[in-house]
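Taking it in order: structure first as structure tokens, then the write-up.
No lab work stands behind these numbers, since they all come straight from the coordinates. These numbers were taken from a predicted model, which means no experiment stands behind them. Every residue, glycine as well, gets a Cβ built from its backbone with ideal geometry; the counts of neighbours run over all protein chains shown.
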Amino acid sequence: MGYFDRCWPDEGFTATFASYNPVNLHYHVVIDWDQRRTITVSTAEPVTEDWVFEILYTLLDTVPDDAGNANGFWHEINCAIHMPKYSNIVPFDRLVIDAVGSVDKIVGFTAPFIPGQTLRDNTEQVFKLKYLKQLLKTIDYLNHTLGIVHGNIRPGNMLIDPKTDNFLVLDFKMAGRLGWEGDAEHNLAFGYEPDRTDVKYAG
């Protein structure tokens, strides 16, 4: 789920998204399919995806094994595994293990299949008042009961379950623990960023 769901073995690199924040400036999150990992490339100025790929192909042998989102990925898995089941959160299903060279590695995890599309892709979906109430209730549960900030509340991470007509949120790879600066040994992974509050993004 997430990192490798749109990747094929002959692609080499696949950019998942490009964005900007005050800490990492402009950055691309790139899938390195051969090593089953992601690499974050940060730049002071905006650059094209082709430029990022060219640089990575040139410097790939110098990129450390734990570059990019690998540590954040582990925190995301732990978050998903230990999160109690909640009616408006897509739950963890099972781990995905694949052989990289001669070593078996955890390369992802799955969630139950929900038919339909995200709210980003399904532009015909009417967003009912009850969905808004469920979203705010879910944010309250995450923030105040679990002490977790989702960090990326947006239409691409929202679904409507056609069987139950309930709102669902997914994708915790940008989540953080409230009040924690992050994993100091691993690029502050899973740290709380005050400018990424869920209420702000829900608005």
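Pairs from the table (LYS128/LYS173; LYS163/LYS200; LYS85/LYS105; LYS137/LYS163; LYS105/LYS137; LYS85/LYS130) lying more than 32 angstrom apart at Cα are LYS105/LYS137. A crude spin-label estimate for the pair ASP98 and HIS26, with each label 7 Å from Cα along the Cβ direction, gives 3.0 nm. Sorting HIS28, HIS144 from the fewest to the most surrounding beta carbons within 10 angstrom yields HIS144, HIS28.
Ranked for footprinting exposure by Cβ neighbours inside 10 Å, fewest first, GLU76, GLU193, GLU45, GLU54 give GLU45, GLU54, GLU193, GLU76. Stretching LEU132 away from THR164 to a fully extended chain increases their span by 10.0 nm, per 0.36 nm per residue minus the current alpha-carbon distance.
With the simple model of a label 7 Å out from the Cα in the direction of the Cβ, ASN143 to ILE114 spans 2.0 nm. Summing +1 for each Lys or Arg and -1 for each Asp or Glu among the other residues whose beta-carbon sits under 14 angstrom from that of GLY116 gives -2.
So what is the relative contact order for the stretch 85-184, in percent, with contacts set as C-alpha pairs under 8 Å and at least six apart? Reported as a whole number, the value is 28 percent. Anisotropy class assigned to the stretch 70-202 is oblate, per the alpha carbon gyration tensor with a/c at or over the 1.5 cut-off and a/b no larger than b/c.
With a cut-off of at most 14 other beta carbons within 10 Å, and DSSP calling the residue loop, which trypsin sites (Lys or Arg not before Pro) in the stretch 96-150 qualify? Please list them. Don't skip to the answer; put the middle values down first.
Details: sites: LYS105, ARG120, LYS128, LYS130, LYS133, LYS137; in loops: ARG120, LYS128.
Here the sparse-neighbourhood loop sites are ARG120, LYS128.
Let me make sure I get this right: for the stretch 99-149, a, b and c are the square roots of the gyration tensor eigenvalues over alpha carbons, sorted descending. Under 1.5 in a/c it's rounded, otherwise prolate if a/b > b/c, else oblate. Which is it? In terms of gyration-tensor shape, oblate.
What is the order of VAL103, VAL30, fewest Cβ neighbours within 10 Å to most?
Working: VAL103 7, VAL30 25.
In increasing order of surrounding Cβ atoms, one gets VAL103, VAL30.
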